[in-house]
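The values are calculated or read from the model by the stated rules, or taken from the named source; none is laboratory data. All values reported here derive from a predicted model rather than from experimental measurement. Note that we place each Cβ from the backbone using ideal geometry, even for glycine, and neighbour counts take in every protein chain shown.
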Amino acid sequence: MDLPYAEVIIDISHSEVDRIFHYKIPEKLLSHIQLGIGVLVPFGAGNKRINGYITGFSHEVCIPEHKIKEIWDINHPVPLFDIPMLQLAHWMKEQYHCTLIDCLHCIIPSGIKTTCKKLQIASVHPDVEHIDDLCREYKNSKKLLSQGKILELLLENGPMPIKELKSVLQISSSSFQTLQKKNLIIVHEMEISREPLSHKRIASTTPFIPTEEQEKVLSHVEKLLHIGQGETVLLHGVTGSGKTEVYLQLIQMVLDRGNQAIVLVPEISLTPQMVNRFLGRFGNRVAITHSRLSQGERYDQWQKAKSGYVDIMIGPRSAVFAPFSSLGLIILDEEHEITYKSEITPKYHAKEIAQKRASLTGCTVLIASATPCIESYFDAQQQKIHLATIKKRTSIHALPSVQIIDMREELTQGNRTIFSLQLQHEIKANLEIGEQTILFLNRRGHSTFVSCRKCGYVMKCKNCSITYTYHASSQSLKCHYCGSKTPNPKICPACGSSYIKYFGTGTQKVEEELSKLFPHGRILRMDNDTTTGKHSHEILLDQFSNRQADILIGTQMIAKGHDFPGVTLVGVLAADLSLHLEDFRSAERTFQLITQVAGRAGRGALAGRVLLQTYDPMHYSIQFASRQDYVGFYKQEIKIREQLDYPPYTNLFSILLIGEDERKVITGAYQLHEIMRYYNKKQQCILLGPVPSVISKVKNQYRFRIIVKCKDILLLKKYGYYCIEKWKNIYKSSDISVQTDINPMMIM
């Protein structure tokens, strides 16, 4: 490689160093230097030793030769990105207004600093003569017995891991060291891959015969795979319509063409069932990545994809960066989920990344859901993307029957419990006949707040502007934003009375009350408090799937994607819980959650039924969800979006100012607003705010927000970022940070 200068991006996330630096390549490294590797370089006036990544090469630089420093060493010899992934990073930098290194951090695998896991292997030295006689001699000697047992096992089995030999023989390391000194055994190290799927034993499966609707979808997408022009298809299939089987058969087509596939799931809780289905069909061609894996496990899975040992990567949004060199298909399951949008810089959406990778590689993108997001369905209606539909379930039963329970009437009848009388009756009936029940409440903890009935004082987190949640298991109050905890008070801190009590309902309280009503029922609870362990999601789901429990209580992690044939009853305990949030998507979210959780019922041989408990039974989202009528809901919702000028009819630019001094944050927000008003002379943008954020204080940081609307997204970004830079240059408010987001999924 006759290239004298390497172009290096420094591993510092700061706008002032967000550019390429040129370094000389020393002669000793010339044959090892290549695009995408990690290097150690001197940086700054003090020549600080720092990490960097090679992003290119050049023959000429515009600075004096004597000022160009030299690369010190290579710290990661395996290329961490190639040209298409580097192009993706540059696109992300412009799209999400952040530094190039921020974008490369998404692409570079976590765990690159972890060392390879190595196994010590012992074997008999090949040059030892009369080893059988020596082994018998050692075994007959009390002093040499342990060494004799080692030699015997190695003679019988060949090379073995020292760890295994120690375990079988119950001996220490000293015997191995002695045999090594005598040149009777050789010990060498072997790199091994950390296998997060090693505990799984899945029986292989064969493809199902597609239904007529499934066959149409397969044919449609197969044509696009053959064309290879980076097209996107929205698969709108009702719950239980066999979307996963469509994924499996499409991926088989992709593998037959010599290509690879990425499958994205929105939550870790969905990963186990999806992985099981894929392992059953494709075996060891499948890799997995998610945040519960160790850094080393995630890196080893990345290496498998990079090296071509696997063809399929399954995981949450970060899996969209899997380093496949011949990508044929990217699937987003449950494409409507907000977890596909990153809440940290860069604030990318996995769907946008998938579509950009498709434009760079020609692969096809399949986004699928029973309840697509409004923007995706709008794009399909506008023919910006393809639309495929499956309207029927694959089982013999149609969609479950849904009944709305008006909880206001329950109150008038004197029922003040969490459960309506009919739901109690239905749960009892299911227990008697041995069928399973799912109860959904999108709120964990025991109770939602603790309040004094005498003076009205409410226990709030000192760091955040939200109430504490009471957790009965630890008899404590917890903040679900900053994680702070405080003991549950016996007397009111404000008035000193003993009339302080918890109110509201969380999943923990549902479990407690249900145990009282049905003491013989086997109950599982699945929420963030019960799934902290590495395989906890999988253990709970397996227990329920294997009929080791009668009732599963859970938050939104049980609402979608799961397939439990034994479930015939679903109870939605507070269907309107998310309905009145300060977010224009609240009706959409409510419809999606209800429809998705209702879809867990009746997926097997038995018909399903759903009870929706609500205090707002006539709201259109609940009415359409009860009929599981997505198209009807879409038509109603899209009219409201058009009237109020919300996405998809416009774009939103969210600006959040954050700081410890509330007065300075408010002042800064109004200063920025004035600048934005001044530069909005043509009134092409609409300014909303500044106002306190919905959650106005988190971790002792006050938050004020400005929202900007504009139909032209390029103009919106140019205008928004220009005004922010003007504000920073004029007011120099170093103690106020600014967070921006284009088309945020939530405005909190």
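Given the structure, is Glu231 exposed (fewer than 14 other Cβ atoms within 10 Å of the Cβ) and among the acidic types (Asp, Glu)? Against the criterion (exposed (fewer than 14 other Cβ atoms within 10 Å of the Cβ) and among the acidic types (Asp, Glu)), Glu231 does not qualify. In the set (1) closer than 20 Å to Gly506 by Cα; (2) part of a strand (DSSP E or B); (3) in contact with a Phe, Trp or Tyr (Cβ under 9 Å, 6 or more places away or on another chain), Ser465 fails one condition alone, (2). Counted as qualifying within the range 303-416 are the strands (runs of 3 or more DSSP E) with 2 or more residues that are over 30 Å from Pro79 (Cβ atoms), namely 364-369, 386-390, 401-406.
When you look at Ile638, is it of a type outside the set (Gly, Ala, Ser), over 22 Å from Glu245 (Cα atoms) and free of Cβ contacts under 8 Å to residues at least 24 places away in the same chain, yes or no? Spelling it out, it is not the case that Ile638 is of a type outside the set (Gly, Ala, Ser), over 22 Å from Glu245 (Cα atoms) and free of Cβ contacts under 8 Å to residues at least 24 places away in the same chain.
Of the residues His90, His76, which single one is under 24 Å from Thr345 (Cα atoms) and within 33 Å of the chain's Cα centre (by Cα)? Only one candidate qualifies: His90. Ser733 fulfils the conditions (1) more than 31 Å from the chain's Cα centre (by Cα); (2) at pLDDT 95 or above except for a single criterion, (2). Is there a residue in the range 151-173 that is closer than 30 Å to Ile20 by Cβ, touching a residue at least 40 places away in the same chain (Cβ under 8 Å) and assigned to a helix (DSSP H, G or I)? Checked the range 151-173: no residue is closer than 30 Å to Ile20 by Cβ, touching a residue at least 40 places away in the same chain (Cβ under 8 Å) and assigned to a helix (DSSP H, G or I). Please go through the range 582-617 and pick out each residue that is in a loop (DSSP other than H, G, I, E, B) and within 23 Å of the chain's Cα centre (by Cα). Asp583, Arg585, Gly599, Arg600 - these are the residues of the range 582-617 that are in a loop (DSSP other than H, G, I, E, B) and within 23 Å of the chain's Cα centre (by Cα).
Can you confirm whether Gly283 is in a helix (DSSP H, G or I) and touching a Ser or Thr at 6+ places or on another chain (Cβ under 6 Å)? Judged against the criteria, Gly283 is not a match.
Do the conditions hold for Glu189, that is, is it acidic (Asp, Glu), modelled with pLDDT under 90 and out of contact with any strand residue (DSSP E or B) (no Cβ under 9 Å at 6 or more places or on another chain)? In short, no.
Entry remark, the range 688-719: residues being modelled with pLDDT of 95 or more, crowded, with 18+ Cβ neighbours inside 10 Å and more than 29 Å from the chain's Cα centre (by Cα) number 2 in total. Yes or no: the range 552-571 includes at least one residue that is at pLDDT below 90, assigned to a strand (DSSP E or B), more than 11 Å from Pro400 (Cβ to Cβ) and among the small types (Gly, Ala, Ser). Among the residues of the range 552-571, at least one is at pLDDT below 90, assigned to a strand (DSSP E or B), more than 11 Å from Pro400 (Cβ to Cβ) and among the small types (Gly, Ala, Ser), which makes the answer yes.
Here is the figure for the range 289-302: residues that are out of contact with any Ser or Thr (no Cβ under 7 Å at 6 or more places or on another chain) and either in a loop (DSSP other than H, G, I, E, B) or under 30 Å from Asp379 (Cβ atoms) (or both) total 4.
As a summary of the residue check, Thr394 satisfies the conditions (1) under 35 Å from the mean Cα position of the chain (by Cα); (2) under 19 Å from Val597 (Cα atoms); (3) modelled with pLDDT of 90 or more; (4) not small (Gly, Ala, Ser) except for the one numbered (3). Of the numbered criteria (1) in contact (Cβ under 8 Å) with a residue 60 or more places away in the chain; (2) under 38 Å from the mean Cα position of the chain (by Cα), the one Ala122 fails is (2).
Of the strands (runs of 3 or more DSSP E) lying entirely inside the range 22-81, those containing at least 2 residues that are free of Cβ contacts under 8 Å to residues at least 40 places away in the same chain, touching a strand residue (DSSP E or B) at 6+ places or on another chain (Cβ under 9 Å) and surrounded by fewer than 16 Cβ atoms within 10 Å (Cβ to Cβ) span 38-43, 48-58. Restricting attention to the range 643-669 and to residues that are without any contact (Cβ under 8 Å) to a residue 24 or more places away in the chain and loosely packed, with under 13 Cβ neighbours inside 10 Å, the residue that is nearest to the chain's Cα centre (by Cα) turns out to be Gln643.
Counting only residues that are touching a Leu at 6+ places or on another chain (Cβ under 6 Å) and either part of a loop (DSSP other than H, G, I, E, B) or small (Gly, Ala, Ser) (or both), the range 238-280 holds 1 of them. Output yes when any residue across the range 429-446 is touching a Phe, Trp or Tyr at 6+ places or on another chain (Cβ under 6 Å), assigned to a loop (DSSP other than H, G, I, E, B) and surrounded by 19 or more Cβ atoms within 10 Å (Cβ to Cβ), and no when none is. For the range 429-446, residues touching a Phe, Trp or Tyr at 6+ places or on another chain (Cβ under 6 Å), assigned to a loop (DSSP other than H, G, I, E, B) and surrounded by 19 or more Cβ atoms within 10 Å (Cβ to Cβ): present. In this structure, Phe633 does not qualify as more than 30 Å from Leu431 (Cβ to Cβ), more than 28 Å from the chain's Cα centre (by Cα) and crowded, with 21+ Cβ neighbours inside 10 Å. Surrounded by fewer than 16 Cβ atoms within 10 Å (Cβ to Cβ) and outside any strand (DSSP E or B): does that describe Cys455? When the stated conditions are applied, Cys455 passes them. When restricted to residues that are buried (at least 17 other Cβ atoms within 10 Å of the Cβ), in contact with a helix residue (DSSP H, G or I) (Cβ under 8 Å, 6 or more places away or on another chain) and not aliphatic (A, V, I, L, M), the range 721-742 contains 4.
Yes/no matrix, rows are residues, columns are (1) surrounded by 24 or more Cβ atoms within 10 Å (Cβ to Cβ); (2) farther than 25 Å from Gln623 by Cβ; (3) not basic (Lys, Arg):
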{"position": "Asn528", "(1), (2), (3)": "no, yes, yes"}
{"position": "Thr532", "(1), (2), (3)": "no, yes, yes"}
{"position": "Ile539", "(1), (2), (3)": "no, yes, yes"}
{"position": "Gln543", "(1), (2), (3)": "no, yes, yes"}
{"position": "Gly554", "(1), (2), (3)": "yes, no, yes"}
{"position": "Pro565", "(1), (2), (3)": "no, yes, yes"}
{"position": "Gly571", "(1), (2), (3)": "yes, no, yes"}
{"position": "Leu579", "(1), (2), (3)": "no, no, yes"}
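In the range 566-576, the condition of being in contact with a His (Cβ under 8 Å, 6 or more places away or on another chain), more than 15 Å from Thr595 (Cβ to Cβ) and in the same structural domain as Asp406 (by TED's automatic domain parsing) is met by no residue. Exactly one residue out of Pro84, Pro109, Pro126 is under 30 Å from Ile185 (Cα atoms) and not acidic (Asp, Glu), and it is Pro126.
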